[in-house]
Amino acid sequence: MEQKWPQQLWIVRHGQSAGNVARDTAEAEKQLLISIAERDVDVPLSTLGEQQAQALGDWFLTLPPEQQPTVVLYSPYVRARETAQAVLGKLDKSSLVSVVADERLREKEFGILDRLTVHGIASKYPELHEQRQHVGKFYFRPPGGESWCDVILRLRSVLDTVTREYRGERVLIVGHQVIVNCLRYLLERCDEQAILAIDKAADVPNCGVTSYAFNPALGKHGKLQLDLCNFVAPLEQSGTPVTAQPDMPAAPKA
């Protein structure tokens, strides 16, 4: 039977963004609103984020040609696109099978809570804040926004595309913190408790690499096996600072 999965799958969070920096400032100063003018989709990388993306691209370049990505899928949000482009700039274009901006990899929709700090949510929408605490981030859906379950639903479709169109390829996905964790939920067959424990343990580092290698010995026809988790050596080796700010707005850790 033909192999169902890619030979290698890397899932990467974008580099540090201007939104990450603005969120940290707003939370530290106990402001209600994160001060950033752009739509979330338009928030670019910070200067440090650009350096992180370049370091990531340099790391992929150090891999032998037969181990480098042949498919690059990325969120259309500017910070993810800029990160993907930094990697693409280092790769041999002739070996690429597909490069696609996929809206299903976009950031989780925050709805009416967009740009609000945790303090801002509690102040402006106390009932929603209480509901958010009670229900938990996996199932809580703000008005006009998404829960983690909603994100997971669209990511199931992404994996359907990957197994249909890119079997045997080496696929790089560039997205957001929630995208990384929700793909881990699917690929590692987690439940709510398991994925929230992963989320609670540590934020996904900017330009951190989580990867899976195809193991033909697993299951009946082979499966993807986790081989790197939040790997930041590409940044450390280049002397680039590692950051792990949550995407906005951040939920308190359960």
| query | Can you tell me which residues in segment 43-64 are of a type outside the set (A, V, I, L, M, F, W, C), open to solvent by 40 Å² or more (accessible area, probe 1.4 Å) and either assigned to a helix (DSSP H, G or I) or in contact with a Pro (Cβ under 9 Å, 6 or more places away or on another chain) (or both)? | reply | 47, 50, 51, 54, 58, 62
| If you check 141, 132, 167, which single one turns out to be in a helix (DSSP H, G or I) and of a type in the set (Lys, Arg)? | 132
| Residues satisfying the stated conditions in segment 7-18, i.e. in contact with a helix residue (DSSP H, G or I) (Cβ under 7 Å, 6 or more places away or on another chain) and either part of a helix (DSSP H, G or I) or more than 20 Å from residue 90 (Cβ to Cβ) (or both) | 17
| remark: Restricting segment 184-206 to residues that are at pLDDT 95 or above, part of a loop (DSSP other than H, G, I, E, B) and out of contact with any His (no Cβ under 7 Å at 6 or more places or on another chain), the one surrounded by the most Cβ atoms within 10 Å (Cβ to Cβ) turns out to be 204
| query | Can you find even one residue in segment 28-40 that is open to solvent by 10 Å² or more (accessible area, probe 1.4 Å), in a strand (DSSP E or B) and more than 20 Å from residue 181 (Cα to Cα)? | reply | yes
| request: Identify, from the list 213, 217, the residue that is more than 29 Å from residue 42 (Cβ to Cβ), among the hydrophobic types (A, V, I, L, M, F, W, C) and in contact (Cβ under 8 Å) with a residue 60 or more places away in the chain. | output: 213
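Residue-by-condition table, conditions (1) among the charged types (D, E, K, R); (2) surrounded by fewer than 18 Cβ atoms within 10 Å (Cβ to Cβ); (3) free of Cβ contacts under 8 Å to residues at least 12 places away in the same chain:
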residue	(1), (2), (3)
78	no, no, no
91	no, no, no
113	no, no, no
132	yes, no, no
135	no, yes, yes
142	no, no, no
162	no, no, no
171	no, no, no
| message | Please go through segment 105-146 and give me each residue that is within 23 Å of the chain's Cα centre (by Cα), at pLDDT 95 or above and charged (D, E, K, R), ordered by number. | response | 106, 107, 108, 109, 141, 146
| request: Could you grab me the full set of residues in segment 84-126 that are closer than 24 Å to residue 160 by Cα and among the hydroxyl-bearing types (Ser, Thr, Tyr)? | output: 95, 98
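Kindly establish whether residue 225 is open to solvent by less than 20 Å² (accessible area, probe 1.4 Å) and in contact with a strand residue (DSSP E or B) (Cβ under 8 Å, 6 or more places away or on another chain).
no
The values are calculated or read from the model by the stated rules, or taken from the named source; none is laboratory data. This one's a predicted model, so the numbers in the text were calculated from it and none came from an experiment. Reconstructed Cβ throughout: ideal geometry from the backbone, glycine too, with neighbour counts over all protein chains shown. When the accessible area is computed, the model is the full protein with side chains, heavy atoms only, and any ligands, DNA or RNA have been set aside. Shrake-Rupley method; radii C 1.70, N 1.55, O 1.52, S 1.80 Å.
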